[in-house]
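Heads up, the thing below is written out as structure tokens.
The values are calculated or read from the model by the stated rules, or taken from the named source; none is laboratory data. This is a predicted model, so every value here is computed, not measured. Counting neighbours? That spans all protein chains shown, and the Cβs are built from the backbone with ideal geometry, glycine included. Quick note on the areas: whole protein, heavy atoms, side chains included, nothing else; ligands and nucleic acids left out. Shrake-Rupley method; radii C 1.70, N 1.55, O 1.52, S 1.80 Å.
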Amino acid sequence: MSVSAVSGGRKRLSEGLTVTQKVFVRSRNGGATKIVREHYLRNDIPCLSRSCSICPTIVVPDAKNELPKFVLSESPQDLKNIGKHYTVLDTNIVLQAIDLLENPNCFFDVIVPQIVLDEVRNKSYPVYTRLRNLCRDSDGKKRFIVFHNEFSEATFVERLKDESINDRNDRAIRKTCEWYLDHLAKSEIKIILVSNDRLNRISASDEKFITKSLYEYVELLPNSDEVKESMPNLDSSQYNKDAESINEFSYPEFYPTSRIMGGLKNGSLFQGNIQISEYNFLEGSVNIPSFSRPVLVVGQKNLNRAFNGDQVIVELLPESQWKAPSTVALDAEHYDVNDNPENDNEVDANLIADSQRRLLAENAITAQKSNKVQPTARVVAIPRRSWRQYVGQIAPNSVDTQTGGTQNVFVILMDKCLPKIRIRTRRATELLSKRIVVSIDSWPSNHKFPLGHFVRNLGGVEEAQAETEALLLEHDVEYRPFSKKVLECLPEEGHDWKAPVDLKSQDAIAKDPLLQKRVDLRDKLICSIDPPGCVDIDDALHAKKLPNGHFEVGVHIADVTHFVKAGTPLDAEGASRGTSVYLVDKRIDMLPMLLGTDLCSLKPYVDRFAFSVIWELDENADIVKVDFSKSVIRSREAFSYEQAQLRIDDKNQTDELTLGMRALLDLSIKLKQKRLDAGALNLASPEVKVHMDSETSDPGEVEIKKLLATNSLVEEFMLLANISVARKIYDSFPQTAMLRRHAAPPSTNFEILNEMLQKRKGLSISLESSKALADSLDRCVDKKDPYFNTLVRIMSTRCMMAAQYFYSGAYSYSDFRHYGLAVDIYTHFTSPIRRYCDVVAHRQLAGAIGYEPLDLSHRDKNKMEMICKNINRRHRNAQFAGRASIEYYVGQVMRNNESVETGYVIKVLNNGIVVIVPKFGVEGLIRLENLTKDTSSANFDEVDFKLTFTQIDTGKQREIHVFDKVEVQLKSVLDPVTSKRKAELLLK
Amino acid sequence: MSRFELYSPEGLRLDGRRWNELRRFECSINTHAHASDGSSYLEQGNNKIVTLVKGPQEPILRSQLDATKASLNITVNITKFSKMERSKSSHKNERRVLEMQTALVRTFEKNVMLHLYPRTLIDIEIHVLQQDGGILGSLINSITLALIDSGIAMYDYVSAISIGLYDTTPLLDVNTLEENAMSTVTLGVIGKSEKLSLLSVEDKIPLDRLESVLAIGIAGAHRVRELMDNELRKHAAHRVAKSSAK
């Protein structure tokens, strides 16, 4: 091989391949390391433009023997005064305006230089994924490509002496533009570099290609008015320069990185995720591993622009400023309502000072009274923002309906832990009382509120569809229809798909060679028991008495993985959705309908593929042996819980199916008893169900969910199946088995509840073991009030840890324990149609029994970690979305019928009480102002959990304790500021 | 989650190579003619390796003496400065290094005609000056070169290469970043054949992917053999010219 030096340490290796060294210094833990990496430069990187005649001759196929696709159009968008052009993006544009790039009406034929992609990846991984998706999916319409400028010999630039990395990267982008312009000279396609970096634009001014800022570029577009609406709002001073001079309000500046690194190292600064209190948006807490209790961050200046969920660096405040968590409720929407969005720099000093001083004073008093002081801290830097798109509505009093033009308005977000967002819009009047999606761009220190921009309009407030969509967006639930690529993975036969009649037939085996390994269970008397109206039937059961007196019990789960093969787009979509989401009026499926409600669903009277777990149980319901197999089944009947109960109770029925069901019921009772003896918890949550009117689909009435014996029949066997499967897959894949754990709650979680119980009822909850907890919960009864026990269970549920999915390599065996169910190992296996965890468990079990080899992605710890993280998050979001949906509809129901109901006080605050109403499952704050006229006469006793005040109507003193049973008037009101409907409670 | 885009959708790796491209491969032999009987210097990417062969010579210890064949002794010295960060320990008795030495001895015992040199010791000393992934493969290549230089009889070249598996794509000749992020396989191939003298897999590789990995690995090893062969012939031509000039 001929090796010759090219300029600057480059060596030519062969025709079109040169190697150089990339040298840079990296500082880590205070030390500096010189990194030397090889960097290969090549001349076979195509421009990917269809108008190019050279590049198609130089391309090489990749590992799958596919040639790159030429994407950029030969006749791109033609602009006035400029002509046909391709757009090159700078990093700042991608980071600031990714929404705009995704907009289907602008930005066509875009070139993303590799260096930009790298910079974006380092700055924000989510934006990077979105950009990559754009490049992948936008073949026909948007036409985005990545050009590997760093690896192309023609466009690689060496860093000059005394040149900063940023400058070098900017130069690399400019070099790319230049190359494209020369390369496409024949076809007369212009290159426009869009950059918001002024210096970069200045340096490019003497080049031949055109440079524009985002604003200038959008101005050029034919549909600029429409597009401008969703432009990021970076700093208003760009538009109205006179505002710059007024800078009265400002947040403390963030510390520089060097100081943070040093501070974290020497232990004077701490890092954690901030959680804003749901009752008070000016108070946050940060969990720091080295502290037993969370650190409080109180007040706007101390919070220093942190959003709920941000990763923050905090610095402790002096001990004299430590305090107890505030007992005041405060919402963003009612606070500083009078701020003017047009000039929020110029704040009415008196108003702020007063409201804040009052708060401070109140806090000081409570802090003195109590001994429960917690360390407080202030935020000094925010390394990672949790910003996403938010749903909210324009605050009506911030809109000037008289003037038509562009104006600044406030958007109040649905999530009450977050501050208002200031956006600029032309359509403020039009968007009033609409649910809109906004995205946040920046929060400069001299702005009291973050700056954002309008993304889209969902529809009117209180329109069912807009509200549902808002709710889904707010909980990050993917609800768009499945894409074409996903639907292509479904069986061609569609609804006509049938399980082969003869498992041995050559034709069927030729189509599916694994068919031979399936077991034929169509002779078993299998039935399914589900809620009424259920269409996605995941599970079916059967039981048979064996000659030796034991029972054969089978649980059959829909064989989803037969249709959802690993690595397909269908699988990727399922993995990213993670779970189906159930709303009152809608179901968002994890898998396409065809699978969920038909092919996989274990419908009665037809042959279906299933994954069967078959046990031999003795009369005490102990497992004698267990067997797993893929099978073909035919369900004899699909029962609802009630029907099943009736059939079991009906003494006249003595057919084999009924006998089997009775056996199942008997066994399930034994299983349940064993579980409870082992210390399984019976927790409660205030679950209600909203009945919809079938014709008008208006919400009708609210009902508390009932439990029948058949509910627990199904549940017990599902638990048993999950446990058996968990053991099996852990056995086969000790490092990567998909499992579910539930950690024991730390005793600090129960501190307050225990103190309340002790003080008020003389009871306590033991946390020694789950058994002790279960027993002590059983003892928490008030003879006069049967609901009290449920109330305590509801409150203790909230003190529990959330169960989580994990892969077995992440924890040691002793930590696998599921505290709530009191088993040592557990997984989810029984609902693969609606949960992705179960899909993984199915694949692993199939691998464990040798049905088919397990896909690589489920054998890789890192990939499993990503899957677990995602499904945990999706699971949580789905739960929240479901609850929010119920809450909304309960509000709608109450709109029609105002009533007086029994409620229980679950929390006593300084300026109000929190009451839960079991009948509707709603919970609400009654503010002190609504309890008494004379707020100053109210007295809050933190030790006794007691609030004393003068009643409005009678003028008598009244004491309210926690756990008190109270009569409340329920009505649903539309908040004028937020236009959010919620249940308002008034004490009777 | 790796911090890098190890293999981009456009088919380029971190350092700009495609999936089936070798790193820069440069070698020379007879570099330390006075210090040893055979020597080589190899640069494979940023792997830089000096190898010295001493022998066949009389064993120092009686225990090393074998009446039927020569005994082979390989010591690998990984210098403290060979990585980005200077390591505190010399890697002398590290398990990883000892394992590597054993693997090397076993590979070459089968390829060197040891029976021709009974009652002797062949001592191979390797110094790794810089390392950048796929080190075992580079060691084998450098030993092959040094053994040939020393004139010890061998059946054929042993050329070696590491292959990583990224998702479903095999990547030839991995560097450190790639090696740390994915499962890798090291292959030692004899001459132009498809016989393997070494197959080392330290992580999990799905069985159904192994075939494609081996295929590209064998092709890569053949290419390495060719590069070594070219260098040897060039060197030989040079020496012949020098001696005939005298």
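Worth a mention:
- Summarising the amide proton neighbourhood of residue A:456: residues at separation of 5 or more, or on other chains, whose placed amide H is nearer than 5 Å comprise A:437.
- As a fraction of the 1.4 Å probe accessible area of the protein assembly as shown, surface on carbon and sulfur atoms comes out at 50 percent.
- Among the GluC sites (Glu not before Pro) within region A:700-798, those in coil by DSSP and having at most 11 neighbouring Cβ atoms inside 10 Å are A:768.
- The stretch between residue A:967 and residue A:652, if pulled fully straight at 0.36 nm per residue, gains 108.6 nm over its current Cα-Cα span.
- Counted charge near residue B:202, where neighbours are those whose Cβ lies closer than 13 Å (Asp, Glu -1; Lys, Arg +1): 0
- Interface residues in region B:21-59 - accessible area drops by 40 Å² or more relative to the isolated chain, probe 1.4 Å: B:24, B:26, B:46
- Using the 1.4 Å probe convention, the accessible area of the protein assembly as shown works out to 46 Å² per residue with neighbouring protein chains retained.
- Cα-Cα over 26 Å, subset of B:83/B:195; A:863/B:88; B:54/B:234; A:511/B:195: B:83/B:195; A:863/B:88; A:511/B:195
- Scoring B:85-98, A:588-601 by mean Cβ neighbours within 10 Å over their residues and listing the highest first yields A:588-601, B:85-98.
- Under 5 Å between amide hydrogens, built in the peptide plane, is the criterion, and for residue B:183 it picks out B:165 among residues at least 5 positions away or on other chains.
- Alpha-carbon centroids, region B:53-110 and region B:161-214: separation in whole Å: 24
- Label-to-label distance, nm, for residues given as residue A:747 and residue A:565 (7 Å Cα→Cβ offset): 5.6
- Residues of region A:131-180 whose accessible area, computed with a 1.4 Å probe over protein heavy atoms, drops by at least 40 Å² once all protein chains are present relative to their chain alone are A:132, A:148, A:151.
- Heavy-atom accessible surface that B and A bury in contact, both chains counted, 1.4 Å, Å² to 100: 3100
- A loss of 20 Å² or more of accessible area (1.4 Å probe, protein heavy atoms, ligands and nucleic acids excluded) relative to the isolated chain is seen in these residues of region A:41-83: A:42, A:60, A:62, A:63, A:64.
- A Förster radius of 22 Å, combined with the Cβ-Cβ distance separating residue B:95 from residue B:201, puts the computed FRET efficiency at roughly 0.80.
- Sites residue A:79 and residue A:768, calculated FRET efficiency, Cβ-Cβ separation with R0 51 Å, nearest 0.05: 0.10
- Counting Lys and Arg as +1 and Asp and Glu as -1 over every other residue whose Cβ lies under 14 Å from the Cβ of residue A:663, the net charge comes to -2.
- Listed cross-link partners A:674/A:728; A:22/A:64; A:907/A:971 are compared with a 26 Å cut-off, the Cα-Cα value being larger for A:22/A:64.
- Normalised by the number of residues in region A:898-987, the mean separation of alpha-carbon contacts (under 8 Å, six or more apart) gives a relative contact order of 30 percent.
- Normalised by the number of residues in region A:67-229, the average gap of Cα pairs under 8 Å and 6 or more apart makes the relative contact order 25 percent.
- Charge tally in the Cβ shell below 12 Å around residue A:545, where Lys, Arg are +1 and Asp, Glu are -1, residue A:545 excluded: -4
- Theoretical gain in end-to-end length, residue A:504 to residue A:582 [0.36 nm per residue, Cα-Cα removed]: 24.1 nm
- Total charge dipole magnitude, region A:139-186, about the Cα centre, Cβ charges on Lys, Arg, Asp, Glu only, Debye to nearest 20: 300
- Relative contact order (percent, whole number), chain A, Cα cutoff 8 Å, 6+ residue spacing: 7
- Per-residue SASA entry for residue A:482, accessible area with 1.4 Å probe, Å² rounded to 10: 40
- Of the residues A:718, A:223, A:769, the one whose Cα sits farthest towards the positive end of the charge dipole of chain A is A:769 (charges of +1 on Lys and Arg Cβ, -1 on Asp and Glu Cβ, taken about the Cα centre).
- Region A:452-489 versus region A:304-319: alpha-carbon centroid distance in Å: 32
- Amide H partners (placed H, <5 Å) of residue B:47, local residues excluded: B:132
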